[in-house]
Amino acid sequence: MLPKRKLCSFASWWLIAFVNYSATQKYRGRLAPSPTGYLHLGHARTFWMAQLRAKANGGTLVLRNEDLDSTRFKMEFVPAMIEDLRWFGFEWQEGPDCGGPFAPYNQSERMNAYHAALEKLRAGGFIYPCTCSRKDIRRAVRAPQAEDDELIYPGTCRNNAESRMPNDEWQIPSVIRHSSFSWRFRVPDGETISFVDGNCGEQRFVAGKDFGDFVVWRGDGVPAYQLACVADDVAMQITEVVRGADLLVSTARQILLYRALGLTPPAFFHCPLWLDEAGKRLAKRHDALSLRTLRARGETPESLRQNWL
Ligand SMILES: [Zn+2]
């Protein structure tokens, strides 16, 4: 049995912001919101930690607009997002509004980098084409499921790919348009992926049990979160990723991507998720907690942050 992972608690959480990050590189952190709705207080709290950590380490903070999923984001949320962040007191030194040495900072303008990463994974034999629909997967899955609700892929196309590959049928076209298949990363079944999180301590996830083969490129031509995130964090020379604890298992997936691409992962710092009175995660459906609504109600950023330290 593996030791149970430590829970990320709120106790002394904010103090940790000031614990020095122990890398020799100059600290570079990032805020990476998706314009799928108005920012809410839960996001702001995690972002605030990212900002505190960048400031405490005399580092740079990057704003990256994660606007890849055009089925979910709306253009009008981008200026609103920037306005809300500024109102709340966020200060970034590089971003879509102010530029910087690693521009562009809108993911929708960075497709070349994602194509390059995908091609590298394909050439290395780390990924295979998958033609399963969500429905197919649901039907085939019987085993207990991953912690983050992503179904553990039952391996249907992995087995097909092994008997058929390699051939040229699945070459990545120079411009990836909508296709009938996605690309999936083959995880090393049974291997424990461990890392030490700056906030949550040692983490261990077993490939094939806690998470399965994951999509790196969707059938609709959009790079998946895992791939885009890794490609950008590398390109933007991010030294520490601060994000919500719901992404701990994604970090294990991303560590496998770093390894396959021959890259060194950054440090990770996962913040506890903020729950409401009912123990439910603060999510976008809590409209009352959008920064916009709170501002209109006369709240100030200082009043909203007053219990955070
Ligand atoms: Zn499949």
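Remark: C-alpha extents of segment 42-117 on the principal axes read 35, 26, 20 Å, sorted largest to smallest. Summarising the label geometry, the points placed 7 Å from Cα in the beta-carbon direction at Gln306 and Arg259 lie 4.9 nm from one another. Computing FRET efficiency as 1/(1 + (r/R0)^6) for Met75 and Ser194, where r is the C-beta to C-beta distance and R0 is 41 Å, gives about 0.50. Between Ala56 and Trp87, residue separation times 0.36 nm minus the direct Cα-Cα distance comes to 9.0 nm. Over all other residues within a Cβ to Cβ distance under 11 Å of Leu257, the charged ones net out to +2, with Lys and Arg as +1 and Asp and Glu as -1. Inter-label distance, Val141 to Ala278: 2.4 nm, where each label sits 7 Å from its Cα along the C-beta direction.
Under 8 Å for C-alpha pairs, at least 6 residues apart: give me the relative contact order for segment 50-151, rounded to a whole percent. Dividing the mean separation by the residue count of segment 50-151 yields 25 percent.
The distance separating the Cα centre of segment 44-116 from that of segment 198-249 comes to 17 Å. Ranking Glu277, Glu302, Glu150 from most to least accessible surface, computed with a 1.4 Å probe over the protein chains only, gives Glu277, Glu302, Glu150.
For a 32 Å ceiling on Cα separation, which of these pairs sit above it: Lys26/Lys280; Lys74/Lys209; Lys135/Lys280?
Table pairs above 32 Å Cα-Cα are Lys26/Lys280; Lys74/Lys209.
Based on the reciprocal of the average 1/r between different C-alpha atoms, the Kirkwood radius for segment 201-304 equals 16.4 Å.
The values are calculated or read from the model by the stated rules, or taken from the named source; none is laboratory data. None of the values given here were measured: they were computed from a predicted structure. Note that each Cβ is placed from the backbone with ideal geometry, even for glycine, and that neighbours are counted across all protein chains shown. Each accessible area value is taken on the protein alone, full model and side chains, heavy atoms only, with ligands, DNA and RNA left out. Shrake-Rupley method; radii C 1.70, N 1.55, O 1.52, S 1.80 Å.
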